[in-house]
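Asks: The structure follows.
Just so you know, all these numbers are worked out from the coordinates, no wet-lab data involved. Only a predicted model underlies this, so the values are computations on that prediction, with no experimental measurement involved. Cβ coordinates were reconstructed from backbone atoms using ideal geometry, including for glycine residues, and neighbour counts include every protein chain displayed.
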Amino acid sequence: MKHIKVELDVDPEIFAAAKQFMNAKGLKIEDSLDNSVMKFYKKYVPSDVRKYIESRVSAARPSLKKSVDSKASSSTLQVMEGPISGSESGKSIPN
């Protein structure tokens with residue numbers, strides 16, 4: 001399965017504080033954001049569409065359904081620190 005990179009425009013102080021206090025608890029902000037994406041997926045994508053998507057990738061990755069059911073993502077979400085340039089802001093990233 002292909003992965004995409006997601007960029008977020010977040011206040012640097014807020015991000016740094018969240019990352020610092022999550023790290024202090026042994027948590028990674030990337031993992032939390034990844035789990036949030038899976039919650040959005042389960043909440044907003046109809047179950048019949050999820051089943052279709054999961055059936056398409058199950059042959060290549062048999063662990064996807066288990067991953068989705070446990071709310072852990074099978075994709076990688078990378079958080080990039082720093083400002084987003086005007087040319088990148090608001091654009092979709094193609095698959």
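Asks: Filter segment 23-37 for residues that are assigned to a helix (DSSP H, G or I) and farther than 30 Å from residue 50 by Cα and give the result.
Replies: If the condition is that a residue be assigned to a helix (DSSP H, G or I) and farther than 30 Å from residue 50 by Cα, then 23, 24 are the ones that fit.
Residues are listed down the side, and each one gets a yes or a no for (1) out of contact with any helix residue (DSSP H, G or I) (no Cβ under 6 Å at 6 or more places or on another chain); (2) in a helix (DSSP H, G or I); (3) among the charged types (D, E, K, R):
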| site | (1), (2), (3) |
| --- | --- |
| 3 | yes, no, no |
| 15 | yes, yes, no |
| 21 | yes, yes, no |
| 40 | yes, yes, no |
| 52 | yes, yes, no |
| 56 | yes, yes, yes |
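Asks: Which members of segment 1-51 meet the condition of being aromatic (Phe, Trp, Tyr) and surrounded by fewer than 12 Cβ atoms within 10 Å (Cβ to Cβ)?
Replies: Selection gives 21, 40, 44.
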